Amino acid sequence: MASILKVDEMQGVTSAGDITITGEGTATMQLQQGVAKAWCSVDHDTSTTFHESFNFSSVTDNSTGSYTCAFTNAMNFTRYSAPTSCYSGDGDITNIANEATANFRLRVFNDTGAAADVDCFTAVFGDLA
């Protein structure tokens, strides 16, 4: 019979943030390492606001195709992973630059190399401060 686990909080026994889970086969991983620390869906083409977000406090329009996304809770190190995709149907290219623990700069270009204002979607993986 299947079990249902209902909890409001999970903490490791040895360390609060140390929870090991078994993945496929016998492989194990730390639960907190596989969880996105922040994510957002940003409306860049009409208003530069969040459609939805988690752990982002603001998005600033610096210029066409250039935005600064600020975290609510900072990252621990400046070399976190922030895979991003944008959509306009023009083969957009994105670049994460000027990474800092409190924010990062997102730059978007279309397939001709021109800066572009389009909707973007980002998830951030790494350690929180």
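Selection within the stretch 39-53: residues that are in a loop (DSSP other than H, G, I, E, B) and within 15 Å of Val108 (Cβ to Cβ). The member of this set that is least open to solvent (accessible area, probe 1.4 Å) is His44. Of the residues making up the stretch 22-34, just one is open to solvent by less than 70 Å² (accessible area, probe 1.4 Å), of a type in the set (A, V, I, L, M) and free of Cβ contacts under 8 Å to residues at least 12 places away in the same chain, namely Ala27. Entry remark, the stretch 71-95: residues being out of contact with any His (no Cβ under 9 Å at 6 or more places or on another chain) and either buried (at least 18 other Cβ atoms within 10 Å of the Cβ) or under 14 Å from Val59 (Cα atoms) (or both) number 8 in total. Filtered by the rule that a residue be open to solvent by 30 Å² or more (accessible area, probe 1.4 Å) and touching a Ser or Thr at 6+ places or on another chain (Cβ under 9 Å), the stretch 54-67 gives Phe54, Ser57, Ser58, Thr60, Asp61, Asn62. Scanning the stretch 104-116 for residues that are within 27 Å of Ala74 (Cβ to Cβ) and either aliphatic (A, V, I, L, M) or open to solvent by less than 60 Å² (accessible area, probe 1.4 Å) (or both) yields Phe104, Leu106, Val108.
For Tyr67, the conditions (1) in contact with a Phe, Trp or Tyr (Cβ under 9 Å, 6 or more places away or on another chain); (2) assigned to a strand (DSSP E or B); (3) not aliphatic (A, V, I, L, M) all hold with the exception of (1).
Name the single residue, out of those in the stretch 35-47 being over 12 Å from the mean Cα position of the chain (by Cα) and in contact (Cβ under 8 Å) with a residue 24 or more places away in the chain, that is farthest from Cys120 (Cα to Cα). Ranking the qualifying residues of the stretch 35-47, first place goes to Asp45.
The values are calculated or read from the model by the stated rules, or taken from the named source; none is laboratory data. Worth saying up front: this structure is predicted, and the values here are computed from it rather than measured. For neighbour counting, all protein chains shown are included, and Cβ atoms are generated from backbone atoms with ideal geometry for every residue, glycine included. What goes into the accessible areas is simple: the full protein's heavy atoms, side chains included, and nothing from ligands, DNA or RNA. Shrake-Rupley method; radii C 1.70, N 1.55, O 1.52, S 1.80 Å.
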